[in-house]
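The next block holds one structure in the form of structure tokens; read it before the comments.
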Amino acid sequence: MVRRAGKEKMRQILMDNIRNFSIIAHIDHGKSTLADRLIQYTGVCTDRNFQEQILDNMDIERERGITIKSQAVALPYRAKNGQDYTLNLIDTPGHVDFSYEVSRSLASCEGVLLLIDAAQGVQAQTLANLYMAMEHNLEIIPVINKIDLPSADLPRVLKQIETELGLDPEGHLACSAKEGTGIEEVLEAIVQRIPPPGGYRDASLSALIFDAHYDAFRGTIIHCRIFDGSVKAGDVIRFLSNSAAYKVEEVGHFLLSRQKRDRLTAGEVGYIIAGLKTISDVRTGDTITLDARPCTTTLPGFKEVKPVVFASVYPIASDDYEDLAVSLEKYKLNDASFIYEKDSSAALGQGFRCGFLGLLHLEVVQERLEREYDLSIILSVPSVRYRFTLKDGTVIEVDNPTHYPDPASIVLSEEPYIRSSMMMPERYLGSVMKLCMEKRGINSSLHYPSPSRAELTYEMPLSEILFDFYDRFKSVTQGYGSFDYDLTDYRPGNLVLLDILVNGEKVDALSQIVHRDRARARGLQACERLKEEIPRQLFKIAIQGAVGGEIISRTTISPFRKDVTAKCYGGDITRKRKLLEKQKKGKKRMKMIGAVSIPQSAFLAVLKSDSS
Amino acid sequence: MELPDWNPGPPGLYIHVPFCRSKCGYCSFYSVDTLHDLPSFLEDLPKEMSLYEAQFEPFDTLYIGGGTPSLIKTDDLKILFEAIDQAFPFCGNREVTIEVNPSDVDLAYLDALRSLGVNRLNIGVQSFNDRILSFLGRRHNAVDAYAAVTAALAAGFDNIGIDLIYGIPGQELSQWIDTLNRALSLNIAHLSCYQLTLEKGIPLREHLEKSGALLPSERLQREFFLETSDRLESAGYIHYEVSNFAKGEHRASRHNIKYWNHTPYLGLGPSAHSYTAGKRWWNSRSVRGYMDRIGVGVIPVESSETLTLEQLRLEALFLGLRTRWGIHLPDFSSRFKCDLLEEKREALDKLTGDGFLTIDREFLRPTRAGMAVADGIASFLFI
Ligand SMILES: Nc1nc2c(ncn2[C@@H]2O[C@H](COP(=O)(O)OP(=O)(O)OP(=O)(O)O)[C@@H](O)[C@H]2O)c(=O)[nH]1
Ligand code: SF4
Ligand SMILES: [Mg+2]
């Protein structure tokens, strides 16, 4: 990617000894494991400090075994030609909910390793990520991974590379990231095939913010790619979007930790620390330049995120509202795909309405907020964005069930539809079709990219995907299916508001907008899930589902009537007290609705069809 | 932190004798099933006593529990009592309790206990049903149990208590009532009726888990509990704590009450717990560990905790709610600067309205149904 720096006539330099590349793939195809091998091969990490998927350094990534954040690391490499190179690797997530991470990483690269699992072959995100790389005009190196697996089928994958990806299979590499075979070939290919970054070193600074994070000691730390010019400590930088100016304190590269450098120059990827205390000044996608010698053009930045799932977040203790507000601001720095605005609920008080790229994204945000900011929060039942045309002709979009308009005023209700694309071994076709039909899927089409693999597409309401689709898809395809979707359009649907009452009190955060035909079933399911999630208490708890004031489902949670322990003498008292203290901690994660404590988990559980 | 000014009365002394002839399947007390170390343990006890000299006010109760204290020969008991009297001052009119196993005691032994000044006997009967006794892994049978109680009466004990267990897998209410009736016919001063609880890792629990046998449902457990309370109260016993019944308030265990109202107590022997003025500590849960430390003149304490005011308040709450007396509101508010009636008004209204608690002059008392859920009430109020 070569950019012209205004009319300035300058020598374009090629940073011959730098390569910027991302590893992209479908989920679980081995990106982070390959990154491990590259890190070890180039000696960035001693064996003693090594741990598997070393770049997955958030607790939540390690627990779930998936990558959530893109992570950059600079690898020093002496190639077979005797030259020394710096290979800037970015490991990216594979899950579709985090594709915004991938797209931003690609803006810093000249090439990608497109990983394909030798047993699973091309999957939905293999294609989606490939297209993104193509949009950025990047060099694409297909790498078949997991060739050690007994079920690896190289000829089949090669064919897929040619027919499904439209790439020349001649250029493929094959490796086992797990066993460390083929790693040197990968490194050599990076050096030989991915072009070095270009740019005008002497031009005015033009750098793209592709990520950032908040550090309690240093303030906001910017992650950026320098396209032209250079930046060093002492320079005054300016953000083009808002003209805020700051003095640079430190610049550097990402190794496994931050490594301070004298300067960052065109073609390089690194960080800038500039005493940034006003969090909102920094925006991902913004262009940074020098105050003294500003560049004239803004870098293209990133596509705007389009959240598809919405939910409100509330602090469990209303005193923590301010804390939550500050934490969200800091959190957003490090998650550009997250958006939020103020909101309030009758049952849960002041909070924020948030937009997410999917349900997994939503779960991750919730967990990260709790872990990284030590918050206790409640999330309302997630919703998609509906559209209502009212009698007076106005069209409103509603992503929050509490804003559901007066039914008498609605002339048209519409809901978002998706075109979903599912790939799976043929033997699962029947059960997947059944699931899709149950989810109001229509206009299906089927084709066979290769003899034993089926690609099925369906048009479905997005809301059906929220409601317990992924888990069931996974289970009917025994984990061999992949799923991807695009939003297509809005279509009319007969929608109603389903309210949930706990001991007669409406809990607005549990309300859902649902299709009328589904209302009764969903009401029943919500009652059942809540019955499972809400612990028995001293008093009877009545749970009801209602549509327009009419009760359509109900259940009760019977109280416990005997819980006292038989013995409580000298040695038992401390233990008993600790137990109660633990319960109290647990209750901190519950919301009191009247005298009933509702656990945080209940709000998401109503979207599940059974407890599995 | 300033400790609350709370001194409900003279402290109690507890001695844990961690030896049994065999281990009962349900037991989670600390004891070993070999008597090998008993003699040296008896030599070590006085050494442990000497580590505490002059640290406590005069005691007014002595409780020798275990384990199986009745494994100690009368001569050795005599030496032990002399050592106790030498080490610690006592108030007059002290309550001296010893726990005995029905298969260990005969009239001569019981006579000897009387002459040593033991005035309260707690007999580990558990059941009057031989099948249940063997299921529990007890070494005595129902006849031994009767014989022990009869001998105790003959020896002149007027303050006799027995332990019973209910809620055994497969047990029906009628069978438990039969055991209760037999206990009532003995017309003794004190009954402890414990619902069978099996802690993690306990042999009987693992055995039951493997065989798929189930403890009674919560509904049945509640029925056992309420029925026991009802029957014993009708027969003139006061249900003064979740599992304890006494013929008149003066027959309640003065020693055990100390555990429930933060009265100081000193516990000697392995695994024994002690408490005074907001501090609790406990001895090593190992005979060897205990003796090793005594051997080198170090107190055998394994760990300790200093309770915050909030922790003390929580304890006062859940302990108080276990007892018939309940919580004395003026005391509670002066100890913890917490006016329950004021701060928890809504919760208390609900709890009294639903029949779990009563407010009786200055006391917040659990009803029978409330006692059955004392833990739940404590957590409801605490949170
Ligand atoms: N047999 C075999 N397993 C591999 C290989 N590479 C990775 N794996 C395994 O595949 C699983 C997923 O590996 P990751 O490296 O976390 O995959 P990823 O592509 O980074 O996954 P996401 O970041 O979640 O998209 C792990 O259990 C790895 O051990 C390989 O070459 N052979
Ligand atoms: S006799 Fe008592 S202390 Fe000993 S094992 Fe049996 S129940 Fe436990
Ligand atoms: Mg990964």
Query raised in the report: Out of all the residues in the stretch A:139-153, is one or more more than 13 Å from ligand 1 (Cβ to nearest atom), farther than 22 Å from residue A:35 by Cα and either in contact (Cβ under 8 Å) with a residue 40 or more places away in the chain or in the same structural domain as residue A:93 (by TED's automatic domain parsing) (or both)?
Result: yes
Report summary line: The lone condition residue A:99 fails out of (1) assigned to a loop (DSSP other than H, G, I, E, B); (2) among the hydroxyl-bearing types (Ser, Thr, Tyr); (3) within 19 Å of the chain's Cα centre (by Cα) is (1)
Query raised in the report: Taking residue A:551, is it modelled with pLDDT of 90 or more, assigned to a strand (DSSP E or B) and in contact with a helix residue (DSSP H, G or I) (Cβ under 8 Å, 6 or more places away or on another chain)?
Result: no
Query raised in the report: Can you tell me which of B:69, B:8, B:102 is touching a residue at least 24 places away in the same chain (Cβ under 8 Å), touching a Gly at 6+ places or on another chain (Cβ under 8 Å) and away from ligand 3 (no atom under 16 Å from the Cβ)?
Result: B:102
Query raised in the report: Across the stretch B:317-358, which residue is surrounded by the most Cβ atoms within 10 Å (Cβ to Cβ) among those that are among the aromatic types (Phe, Trp, Tyr) and in a helix (DSSP H, G or I)?
Result: B:318
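So, residue A:116, is that one within 20 Å of residue A:256 (Cα to Cα) and either within 14 Å of chain B (Cβ to nearest Cβ) or within 16 Å of ligand 3 (Cβ to nearest atom) (or both) or not?
no
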Query raised in the report: Inside the stretch B:141-162, can you point out the residues that are of a type outside the set (Gly, Ala, Ser) and open to solvent by 10 Å² or more (accessible area, probe 1.4 Å)?
Result: B:141, B:143, B:144, B:146, B:150, B:153, B:158, B:159
Query raised in the report: For residue B:364, are the conditions met, namely being away from every other protein chain (no Cβ under 12 Å) and crowded, with 19+ Cβ neighbours inside 10 Å?
Result: yes
Query raised in the report: Only one of A:78, A:37, A:64 is more than 24 Å from residue A:372 (Cβ to Cβ) and either within 16 Å of ligand 1 (Cβ to nearest atom) or open to solvent by less than 20 Å² (accessible area, probe 1.4 Å) (or both); which?
Result: A:37
Report task. Please enumerate the residues belonging to the stretch B:252-261 that are open to solvent by 10 Å² or more (accessible area, probe 1.4 Å) and more than 13 Å from every other protein chain (Cβ to nearest Cβ). Result -> B:254
**Report entry** the stretch B:199-251, residues that are within 14 Å of chain A (Cβ to nearest Cβ), of a type in the set (D, E, K, R) and part of a loop (DSSP other than H, G, I, E, B)
**Finding:** B:199, B:200
Query - Within the stretch B:367-383, tally of residues that are at the interface with chain A (Cβ under 8 Å from one of its Cβ atoms) and of a type in the set (D, E, K, R) - result: 1
Query raised in the report: Would a scan of the stretch A:356-365 turn up a residue that is in contact (Cβ under 8 Å) with a residue 60 or more places away in the chain, among the aliphatic types (A, V, I, L, M) and assigned to a strand (DSSP E or B)?
Result: no
**Report entry** Any pair with Cβ under 8 angstrom, 6 or more apart, that starts in the stretch A:92-104 at a residue that is within 11 Å of ligand 1 (Cβ to nearest atom) and ends at one that is at pLDDT 90 or above and of a type in the set (Lys, Arg)
**Finding:** A:92/A:31; A:93/A:69; A:94/A:31; A:98/A:69; A:101/A:69
Query raised in the report: Quick check: anything in the stretch A:551-570 open to solvent by 60 Å² or more (accessible area, probe 1.4 Å), in contact (Cβ under 8 Å) with a residue 60 or more places away in the chain and facing another protein chain (nearest Cβ under 10 Å)?
Result: no
Query raised in the report: How many residues does the stretch A:291-320 hold that are surrounded by fewer than 21 Cβ atoms within 10 Å (Cβ to Cβ) and of a type in the set (A, V, I, L, M, F, W, C)?
Result: 5
Query raised in the report: Out of the residues in the stretch A:40-61 that are part of a helix (DSSP H, G or I) and open to solvent by less than 20 Å² (accessible area, probe 1.4 Å), which is nearest to residue A:182 (Cα to Cα)?
Result: A:61
**Report entry** Residues that are open to solvent by 10 Å² or more (accessible area, probe 1.4 Å) and outside any helix (DSSP H, G or I), drawn from the stretch B:102-121
**Finding:** B:103, B:104, B:105, B:106, B:116, B:117, B:119
Query - Hits in the stretch B:281-300 - residues which are under 21 Å from the mean Cα position of the chain (by Cα), surrounded by fewer than 23 Cβ atoms within 10 Å (Cβ to Cβ) and either in a strand (DSSP E or B) or among the small types (Gly, Ala, Ser) (or both) - result: B:281, B:282, B:284, B:286
Requested in this report: Report the residue count in the stretch B:349-361 for those that are among the aromatic types (Phe, Trp, Tyr) and more than 11 Å from chain A (Cβ to nearest Cβ).
Outcome: 0
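The values are calculated or read from the model by the stated rules, or taken from the named source; none is laboratory data. All figures in this text were calculated on a predicted structure; none of them were measured in a lab. FYI the Cβ positions are ideal-geometry reconstructions off the backbone, even for glycines, and counts take in every protein chain you see. All accessible areas refer to the heavy atoms of the entire protein, side chains included, with ligands and DNA or RNA removed. Shrake-Rupley method; radii C 1.70, N 1.55, O 1.52, S 1.80 Å.
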